[in-house]
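Participant: One structure, as structure tokens, below. Some questions next.
The values are calculated or read from the model by the stated rules, or taken from the named source; none is laboratory data. This one's a predicted model, so the numbers in the text were calculated from it and none came from an experiment. Heads up, the Cβs are rebuilt from the backbone with ideal geometry, glycines too, and the neighbour counts pull from every protein chain shown. In case anyone asks, the SASA skips ligands and DNA or RNA and just uses the protein heavy atoms, side chains included. Shrake-Rupley method; radii C 1.70, N 1.55, O 1.52, S 1.80 Å.
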Amino acid sequence: MSHGHDSEQVGHIVPLWLLFGVFFALIILTALTVWTATQIDLGAFNIWLALVIAGVKATLVALFFMHLIWDKPYNGLVLAFSFMFVILFLGISLMDTAENMPDMYEGPAPAVATE
Amino acid sequence: MGALLTALAGLALAGKEKTFWLPKQSSTAAAAIDWVWGFIFWISAVFFFIIVGLTILFAIQYRARKGYATAKKHSSHNTVLELTWTIIPTILLIPIFWYGFKAYLDLTVPPANSYEIGVTAQRWAWMFTYPNGYVDENLHVPVDRPVKLVMQSEDVIHSFFVPNFRVKRDVVPGRYNITWFEATEVGDHVIFCTEYCGTGHSDMMSKVVVHPSGEFETWLEDASNFLDKLSPAEGGEMLYSMRGCKQCHTIDGSVRIGPSFKGIWGAQHALTTGEQVTVDGNYVRQSIMDPASQVVAGYDAVMPTYKGRLKDQEITAIIAYIKSLQ
Amino acid sequence: MNVTDTSITPTDLGGYASEEAESENFLSYPKGIMSWLVTLDHKRIGILYLICILTAFFIGGMFALLIRTELLTPGATIVDADTYNQLFTLHGAIMIFLFIIPGIPAALGNFALPLMLGAKDVAFPRLNLMSWYLWLIGAAFTVFSLVNGGADTGWTFYTPYSTQTDGAIISITMGVFILGFSSIFTGLNFLVTIHRLRPPGMTWFKMPLFLWGIYGTAIMQVLATPVIGITMLLLIVERTLGFGIFDPALGGDPVLFQHFFWFYSHPAVYIMILPALAIMSEIFSVFSRKHIFGYKFIAFSSIVLAILSFLVWGHHMFPSGQSELANFVFSALTFSVSIPTAIKMFNWLATMYKGEIVLKTPMLYALSFMFLFGIGGLTGLFLGSLAVDIHLHDTYFVVAHFHYVMFGGTVIAFLAGLHYWWPKVFGRMYNEKLGAIGAAIIFVGFNMTFLAQFVMGSQGMPRRYYNYIDEYTIYHHISTGGSFIMAIGFFLIAGYLLHSLLKGKRAPANPWGGNTLEWHIPSPPPYYNFKEAPTVGDPYDFSELEWDDRIEGYVFRKAEGSA
Amino acid sequence: MSKKHSSDGAGHAEHPKWMQHHFDTPSQQFASSKMGMWLFLATEVLLFAGLFCAYTVYRANHMDMFVFGHQFLDVKWGAINTCVLLFSSLTAAWSVRAAQLGQKGLMIALLFITLLCGGAFMAIKYVEYSHKIHDGLLWGTKYKPAGHAAEVIHGEEAHAAGELGGAHGRVDEGHTEAEQVAGIEAAHGEGAAEAPAAGGDALATDGAQAAGAQAAAPAAQGEGVELPADVLAIDVAERSTTLPAAIGPRGLVPVAEEGHDDGHGAGHHWEGPIPDNVHIFFGIYFGMTGLHGIHVLIGMIILGWLIYRALKNDFSPEYFTPVDLGVLYWHLVDLIWIFLFPLLYLIG
């Protein structure tokens, strides 16, 4: 049983203080996001603020809880890539629907029979 | 190869008439679109001949005569060459895109003075509403005048397509889609539905009737007054086929989506609510205006309301027609 | 050429003596039907897949013949409209989800990928077996819809039609959902295998190009397929629970469904074609007896194609009511995908140039691939162009175009790959002459079937039509005739391949003179693939290979570096 | 992914039982498994992408629908659930550390706490869901605000006859009942009103309705007025069969978070007409949280299985891959919730 840093050791052992530190940061950020969303009115900017906070929280979880910071870079790349494709999917769908979807029932939209 | 030669001949004659590849050009947009079509065709043809020609040439020229061969050593890459055949196609793609886009822009913006006709698609019929409120199963238009179509669907997605005009646009339920054209050829042109919509998809055809200049107005006037000229029952029969009744209600007693009209007059019907109702003028009128209110047992409440779509006189005619189907 | 004294040394067979190779060949060891059903061996799973997808191809092909027969005359010929609608729906769904998507990666790829890489197996053998079982379950769901009322939506499942129609839409969408996961697990497995199981010396740029193609495919399988999963789930809740996100009667947007659908289904087109291009890169080099030209351009173009495939989905929606801005962007991006494809085709031509071209069956398919895929690719330009697409959209031009790409491209490449690896998989040679005849019949029949469709499509014949106007009759006659010729070709191929299994000549380890690692071990390969770590060289350097008349195959001139 | 049985944790250097034959070294096996898991997580992200896409598209185009709908979600429960999941992530990450250090008892305890947190999360979800179900705040065709929702919503069935060029309301039996209950207060002219229309003719039955026809009537009185469910929300599907449908402002005006609190000005005020198709918000809410909930359940099954194997002594500092991968999955479930919480609960 080898506990040292020799080649047999698989994975990185995260110190406890770091685990707890990340946890408390996450809780504080949660409180922050509730507070900013309910108490501060930034108009359209609120959603972006909430998303930024969520992004920071997600990064903390991914980097430390999910060991990405010590992991092979490819694994991080996989996650980053998946987020990129989500943004691509959302972005283009939004670009299209933003142009014609509001017309759908804000004007006198044609009625549709249901079955 | 033979097909290709015929095609070349066809393109050489490209004009308004039907060619080997493309149908007759009967709208103002057609010529520009066909030009892009030909442009892409020729570029493709050149590339195709280069690729296939070289493939065949090499296969013959460098064929190993025995069934096997030893390998030869040759250069395995040449960056300049490879960049060349990357960049040349890239450059060629730019005009292909650009001309296609330009011709498309003309398709999307109806001129301000367009004559506006409403299009309603429902399974499996087209209905065209003219500015005076008259509805017809065929699309009648004047020649040489831009026509704007405001299209809506009653049920699923359909698509309005006139090959001779090179015009196509999906008709999406819940929104108005718009397209336009300016017919240049007097006569009949076929309309297809090109978005799959079920059993009757391939029968969902209609036609564009292009009237010579000056005759469209008289036609519309005439057609709009058909009720005045015909007996109510005859007028009702026309309405029955033009306004989408016949898709669901037969006149021979067979059951489709709704009850058949044959022998229905005066009959007693049980409703889904359990009540009994006699089929009379009031009931027919009520069923047309608010179909969901009194549904005959055994049928689904799928009929769209015709409130605002049929005038009193028209409803009277339909009632007369149903009455005549004893 | 000249027969040297080089005998078949153990190093020629990956360290196996020939008797040993015989007794440990993966087909006969271990024995018993159960050993196949619970096998973790990638080669056997490849064969299980092969049997299944060929069955699916047969069923889908029969549907195609029924469709073509029905279309011989306008109106009812053999079936009614509703049956016809179910036929083309199932033809599409079976061919796409059950045959083409798993075809090359899961059947041929499963067999060849670890061998070409020099690995003992894929990274997750159990997951590999599981994805085969998922395929079976998905296939059962899909085919079940046939007996359970049929699905008549077309393989695109557009709402609101698919939420309103009767029939077994739920079972077929469930099938697609499950098949999606089968595909995801295959792709995931290959990605990890290529990353983590490369033996020493197998650097990225020493990998055979087939692996680059499969790598690009796997990226798309992993990143695109989950979206069809959620789309199908949403469709199911839309039908069962009245969800309403895509239902215009509830304020939903049917065009949004099309975005969802094509976000997967356009990359899916490249999931189908990219492995085909990858097989071509192998075959052109091996049968031209010449190093592949422009290795890096071909390798990178696979990855570029995989990425670009995610950016062009909206070209399926030009007339659908998509915004003009989206149409502009998608049309412009669509043209960009033709560039990496063109690069590959020119590089293959350059590979043939001054080669020693051996016209064996796989190469004949490769030549017909150039012709057919050339047409398929170039007609894509018509459909990418906005104005022209408005006219051609949803007509037989589109039908012909994607058959030229999917059939003329992928199926032809699949047949090429099948003939290429057949001796390796089963250790038997097929009849070369019949192989050539089969390829010719398919080529003729195919062109007859689908060239006619280009013409009638340009003339305006819409797709998914049960009935048509008289003007198009002649083209339908030609098309139906061609489809029967093709059917004859396929029966011929099936005949001589099955015959070769029973009576075929023993295949040498290296009948074509390939230099990728699978040709360094006996045919069929032993259970454990490589007895010792294979020596990795340039996969397209054929200078060490020589024809040996005694075994009617190629041998390596020098004993290789490894002990 | 690639797991083999192992009876004893301390494997031999040569052939530990958990080593698979096609890998050369334990670290190769570990890295492969981990990469496989990450790729799988990527597919999970893309699976959720569909719902995020629906969310983005509808929110961007119909913000009002979301602002209105989200009032019925309880930030308090959402925030508590976020903390529960974050805490479970901590214990999960800690359990990997325990596995690496060979602290078997601690690892099992931590995994068990994680499992319990998952249970707590689902319990809270259950409370929230049953609230919504009780109130009829559901998706699509099932959206029929009732019961509690009727208490919090000071309803007004407005009728936009004039604008639409024809009345398209429906005959509704609930109408008279509605008036009986609501009529007294409504008689001020600001309260609940229902404008039934038979055969398309707007029948203004009393003065209250004439006033109520103004869709944007502010909820000045602030009393919670109870209306029967079918008055509040005519089934949307049926509604849209009438021409031109789906446009009539609904006139539901929420007064306060809880109908029975002090009543004046507390909670949200909704000014202006109630947006159409609020059911789409609830559809997306149930879609997202439902799919997430299914993932939590799957995660709990995985955790249970890990505990079972840990009790069997399957893991050791040399081999703890299943723990690592299972915990990665659990973190992803957390990761998605981190985005769901602000997107669904903190709108506006």
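Participant: Consider only pairs whose beta carbons are under 8 Å apart and that are at least six residues apart or on different chains; among these, list those whose first residue lies in the stretch B:39-53 and is facing chain C (nearest Cβ under 7 Å) and under 17 Å from residue C:388 (Cβ atoms) and whose second residue is crowded, with 17+ Cβ neighbours inside 10 Å and of a type in the set (Lys, Arg).
Facilitator: Note: no pairs meet the criteria.
Participant: Take the residues of the stretch C:460-497 that are aliphatic (A, V, I, L, M) and either farther than 23 Å from residue C:444 by Cβ or within 14 Å of another protein chain (Cβ to nearest Cβ) (or both): which is surrounded by the most Cβ atoms within 10 Å (Cβ to Cβ)?
Facilitator: Filtering the stretch C:460-497 for residues that are aliphatic (A, V, I, L, M) and either farther than 23 Å from residue C:444 by Cβ or within 14 Å of another protein chain (Cβ to nearest Cβ) (or both), the one surrounded by the most Cβ atoms within 10 Å (Cβ to Cβ) comes out as C:461.
Participant: In addition: Considering B:147, B:186, B:162, which residue is open to solvent by less than 20 Å² (accessible area, probe 1.4 Å) and more than 9 Å from every other protein chain (Cβ to nearest Cβ)?
Facilitator: Just a single option satisfies the conditions, and that option is B:147.
Participant: Inside the stretch B:241-257, can you point out the residues that are within 23 Å of residue B:128 (Cβ to Cβ) and either charged (D, E, K, R) or open to solvent by less than 20 Å² (accessible area, probe 1.4 Å) (or both)?
Facilitator: B:242, B:243, B:244, B:246
Participant: Checking the conditions here, which among C:126, C:68 is closer than 30 Å to residue C:527 by Cβ and among the charged types (D, E, K, R)?
Facilitator: Of the residues listed, the single one that is closer than 30 Å to residue C:527 by Cβ and among the charged types (D, E, K, R) is C:126.
Participant: Restricting the search to the stretch B:247-262, which residues are at pLDDT 80 or above and over 18 Å from residue B:305 (Cβ atoms)?
Facilitator: Those that are at pLDDT 80 or above and over 18 Å from residue B:305 (Cβ atoms): B:250, B:251, B:252, B:260, B:261, B:262.
Participant: While we're looking at this one, here's another question. Would a scan of the stretch C:28-43 turn up a residue that is under 14 Å from the mean Cα position of the chain (by Cα) and more than 24 Å from residue B:197 (Cα to Cα)?
Facilitator: No, because not a single residue in the stretch C:28-43 is under 14 Å from the mean Cα position of the chain (by Cα) and more than 24 Å from residue B:197 (Cα to Cα).
Participant: Can you name the number of the only condition in (1) among the charged types (D, E, K, R); (2) without any contact (Cβ under 8 Å) to a residue 40 or more places away in the chain; (3) buried (at least 22 other Cβ atoms within 10 Å of the Cβ) that residue C:166 fails?
Facilitator: Only one criterion in (1) among the charged types (D, E, K, R); (2) without any contact (Cβ under 8 Å) to a residue 40 or more places away in the chain; (3) buried (at least 22 other Cβ atoms within 10 Å of the Cβ) is unmet by residue C:166, namely (3).
Participant: Under 25 Å from the mean Cα position of the chain (by Cα) and buried (at least 24 other Cβ atoms within 10 Å of the Cβ): is that true of residue C:193 in this structure?
Facilitator: Answer is yes for this residue.
Participant: Related question: Among the residues of the stretch B:165-183, which ones are facing chain C (nearest Cβ under 7 Å), in contact with a Ser or Thr (Cβ under 7 Å, 6 or more places away or on another chain) and over 17 Å from residue C:393 (Cβ atoms)?
Facilitator: B:173 - this is the single residue of the stretch B:165-183 that is facing chain C (nearest Cβ under 7 Å), in contact with a Ser or Thr (Cβ under 7 Å, 6 or more places away or on another chain) and over 17 Å from residue C:393 (Cβ atoms).
Participant: Scan the stretch D:45-60 for residues that are within 7 Å of another protein chain (Cβ to nearest Cβ) and either open to solvent by 10 Å² or more (accessible area, probe 1.4 Å) or in contact (Cβ under 8 Å) with a residue 24 or more places away in the chain (or both) and jot them down.
Facilitator: Of everything in the stretch D:45-60, those that are within 7 Å of another protein chain (Cβ to nearest Cβ) and either open to solvent by 10 Å² or more (accessible area, probe 1.4 Å) or in contact (Cβ under 8 Å) with a residue 24 or more places away in the chain (or both) turn out to be D:45, D:47, D:51, D:52, D:54, D:56, D:60.
Participant: Specify which of the listed residues (C:375, C:390) is part of a helix (DSSP H, G or I), surrounded by 22 or more Cβ atoms within 10 Å (Cβ to Cβ) and in contact with a strand residue (DSSP E or B) (Cβ under 7 Å, 6 or more places away or on another chain).
Facilitator: C:390
Participant: To continue, here is another question. Looking only at residues in the stretch C:89-123 that are in contact with a Gly (Cβ under 6 Å, 6 or more places away or on another chain) and either assigned to a loop (DSSP other than H, G, I, E, B) or aliphatic (A, V, I, L, M) (or both), which one is farthest from residue C:152 (Cα to Cα)?
Facilitator: Checked the stretch C:89-123; the qualifying residue farthest from residue C:152 (Cα to Cα) is C:108.
Participant: What is the one condition in (1) of a type outside the set (Val, Ile, Thr); (2) farther than 25 Å from residue C:405 by Cα; (3) in contact (Cβ under 8 Å) with a residue 60 or more places away in the chain that residue C:110 does not satisfy?
Facilitator: (2)
Participant: I'd like the residue in the stretch B:203-229 that is in contact (Cβ under 8 Å) with a residue 12 or more places away in the chain and within 16 Å of residue B:321 (Cβ to Cβ) and, out of all such residues, is surrounded by the fewest Cβ atoms within 10 Å (Cβ to Cβ).
Facilitator: B:226
Participant: While we're looking at this one, here's another question. Being modelled with pLDDT of 75 or more and either crowded, with 24+ Cβ neighbours inside 10 Å or over 16 Å from the mean Cα position of the chain (by Cα) (or both) narrows it down to one of D:110, D:138, so name that one.
Facilitator: Going through D:110, D:138 in turn, just one is modelled with pLDDT of 75 or more and either crowded, with 24+ Cβ neighbours inside 10 Å or over 16 Å from the mean Cα position of the chain (by Cα) (or both): D:110.
Participant: Just name the residue that is surrounded by the fewest Cβ atoms within 10 Å (Cβ to Cβ) out of those in the stretch D:61-83 that are part of a loop (DSSP other than H, G, I, E, B) and either hydrophobic (A, V, I, L, M, F, W, C) or within 11 Å of the chain's Cα centre (by Cα) (or both).
Facilitator: D:74
Participant: Ok, one more. Give the residues of the stretch B:169-223 that are assigned to a strand (DSSP E or B) and at pLDDT below 90, sorted by residue number.
Facilitator: Scanning the stretch B:169-223 gives B:177, B:178.
Participant: Looking only at the stretch C:182-211, how many residues end up being out of contact with any helix residue (DSSP H, G or I) (no Cβ under 9 Å at 6 or more places or on another chain) and within 11 Å of chain D (Cβ to nearest Cβ)?
Facilitator: 1
Participant: Are any residues in the stretch B:194-232 touching a helix residue (DSSP H, G or I) at 6+ places or on another chain (Cβ under 6 Å) and within 14 Å of another protein chain (Cβ to nearest Cβ), and if so, which ones?
Facilitator: B:199 - this is the single residue of the stretch B:194-232 that is touching a helix residue (DSSP H, G or I) at 6+ places or on another chain (Cβ under 6 Å) and within 14 Å of another protein chain (Cβ to nearest Cβ).
Participant: A further question follows. State yes or no: is residue A:32 surrounded by 13 or more Cβ atoms within 10 Å (Cβ to Cβ), more than 8 Å from chain D (Cβ to nearest Cβ) and modelled with pLDDT of 90 or more?
Facilitator: Spelling it out, residue A:32 is indeed surrounded by 13 or more Cβ atoms within 10 Å (Cβ to Cβ), more than 8 Å from chain D (Cβ to nearest Cβ) and modelled with pLDDT of 90 or more.
Participant: Checking residue C:543 against (1) in contact (Cβ under 8 Å) with a residue 24 or more places away in the chain; (2) farther than 24 Å from residue C:428 by Cα; (3) of a type in the set (Ser, Thr, Tyr), only one condition comes out false. Which one?
Facilitator: Of (1) in contact (Cβ under 8 Å) with a residue 24 or more places away in the chain; (2) farther than 24 Å from residue C:428 by Cα; (3) of a type in the set (Ser, Thr, Tyr), only one is false for residue C:543: (1).
Participant: Oh, and also: Would you point out which residue out of B:194, B:199 is in contact (Cβ under 8 Å) with a residue 60 or more places away in the chain, among the hydroxyl-bearing types (Ser, Thr, Tyr) and closer than 20 Å to residue C:154 by Cα?
Facilitator: B:199
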